[in-house]
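As structure tokens, the structure follows; a few thoughts come after it.
The values are calculated or read from the model by the stated rules, or taken from the named source; none is laboratory data. Everything numeric in this text was worked out from a predicted model, so none of it was measured. In this analysis, Cβ positions are derived from the backbone assuming ideal geometry, glycine residues included, and neighbour counts consider all displayed protein chains.
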Amino acid sequence: MEDSAMELFDNEVVFHTNLCYFLLSGFALSGVLLGCFDIKAAYGRYSRGDWGPSIPGKIDWWCHVVALLIVYPLVFWYGDVDCLRRSANRWFLLLYVMHYTNRSIFFTMMLKNVKPTPILLSFMTNAFLLTNGYLQVRYHTYLHKYEDDWIYTPQCVIGSVIFFIGFHINRSSDTILTNLRKPGEKGYKIPYGGMFEYVSGANFFGECVEWIGYSIATMSLPAATFAFCTICNIGPRAIQHHRWYLSKFEDYPRNRKALIPFLY
């Protein structure tokens, strides 16, 4: 019985690791395509009709909520009790769930006048959320047990601080963006305040910082995979936003960078 359980565990470790490598290679390719060929994902300001049928943007965001509500309970239910007793495991789960509670519920409630999203793109987003949710949550509930003192190590403390800095930047930037337009108002405006004084993609910068901090704190392949995928996905979009602002507004601040303050 123990040999059978050990074999199942080993098989899942291999599957879990290979899934990380699959995402790393896939998002590296997509990052090159999005960046080098200026391919714009057809949602938000780049929404267009050549991606097939669309659904209302707010419904798309609520679909993300449903996807996360599916994966979390399932992975928790089949978790290992000993993992969930470890303080570091619980801490990393808390950080991950905190981000997505804010992103998928509170941020969704703040959204105004969201443009339609192609069904294909919505499906792809939810597929990634489910896959990444499995990778992160399964790692901390079953596949890896941190030592009791891990939460006090320099990498965990520094990584957690970086995570919270990124979380604050991301959340405050989202608030600035959602408050740009009054209810019923259309069109785009130049965002000011916070990290928007330095970069056009302040919300994207904050999210990248979050997951870089998370990967430092956990020192895990799944977290590093997530940070890399995030940068490959929203990094090019920040650059596209920057170019769009410069072409749209003559008075757009020329000293702002696209994603990285003072650098790029």
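For region 63-81, a tally of residues being acidic (D, E) and at pLDDT below 80 returns 0. Inside region 110-142, can you point out the residues that are closer than 23 Å to G79 by Cβ and touching a Cys at 6+ places or on another chain (Cβ under 8 Å)? Those that are closer than 23 Å to G79 by Cβ and touching a Cys at 6+ places or on another chain (Cβ under 8 Å): N126, F128, N132, L135, H140, T141, Y142.
Residue-by-condition table, conditions (1) at negative phi; (2) in contact with a helix residue (DSSP H, G or I) (Cβ under 6 Å, 6 or more places away or on another chain):
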| position | (1), (2) |
| --- | --- |
| Y21 | yes, no |
| F27 | yes, yes |
| G52 | no, yes |
| D60 | yes, yes |
| C83 | yes, yes |
| N89 | yes, yes |
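Annotation note: of L120, L84, L111, the sole residue that is at pLDDT below 90, over 22 Å from the mean Cα position of the chain (by Cα) and among the aliphatic types (A, V, I, L, M) is L84.
Taken together, F123, F92 contain a single residue that is hydrophobic (A, V, I, L, M, F, W, C) and free of Cβ contacts under 8 Å to residues at least 60 places away in the same chain, which is F123.
What about I169, is it closer than 18 Å to P261 by Cβ, outside any helix (DSSP H, G or I) and touching an Asp or Glu at 6+ places or on another chain (Cβ under 9 Å)? Spelling it out, it is not the case that I169 is closer than 18 Å to P261 by Cβ, outside any helix (DSSP H, G or I) and touching an Asp or Glu at 6+ places or on another chain (Cβ under 9 Å).
Any residue at all in region 202-222 that is part of a helix (DSSP H, G or I) and without any contact (Cβ under 8 Å) to a residue 24 or more places away in the chain? No, region 202-222 has no match at all.
Checking each residue in region 163-181 for being free of Cβ contacts under 8 Å to residues at least 40 places away in the same chain and not polar (S, T, N, Q) picks out H168, I176, L177, L180.
Scanning region 188-195 turns up no residue that is under 30 Å from Y78 (Cβ atoms), modelled with pLDDT of 95 or more, more than 17 Å from the chain's Cα centre (by Cα) and assigned to a helix (DSSP H, G or I). F164 falls short on exactly one of the conditions (1) surrounded by fewer than 17 Cβ atoms within 10 Å (Cβ to Cβ); (2) at pLDDT below 95, and that condition is (2). Here the condition is being surrounded by 13 or more Cβ atoms within 10 Å (Cβ to Cβ) and hydrophobic (A, V, I, L, M, F, W, C); of F249, F228, it holds for F228 alone.
T218 falls short of the stated requirement of being buried (at least 21 other Cβ atoms within 10 Å of the Cβ), over 15 Å from H99 (Cβ atoms) and of a type in the set (S, T, N, Q).
Quick check: is even one residue across region 177-187 closer than 30 Å to H16 by Cα, touching a helix residue (DSSP H, G or I) at 6+ places or on another chain (Cβ under 6 Å) and in a helix (DSSP H, G or I)? Checked region 177-187: no residue is closer than 30 Å to H16 by Cα, touching a helix residue (DSSP H, G or I) at 6+ places or on another chain (Cβ under 6 Å) and in a helix (DSSP H, G or I).
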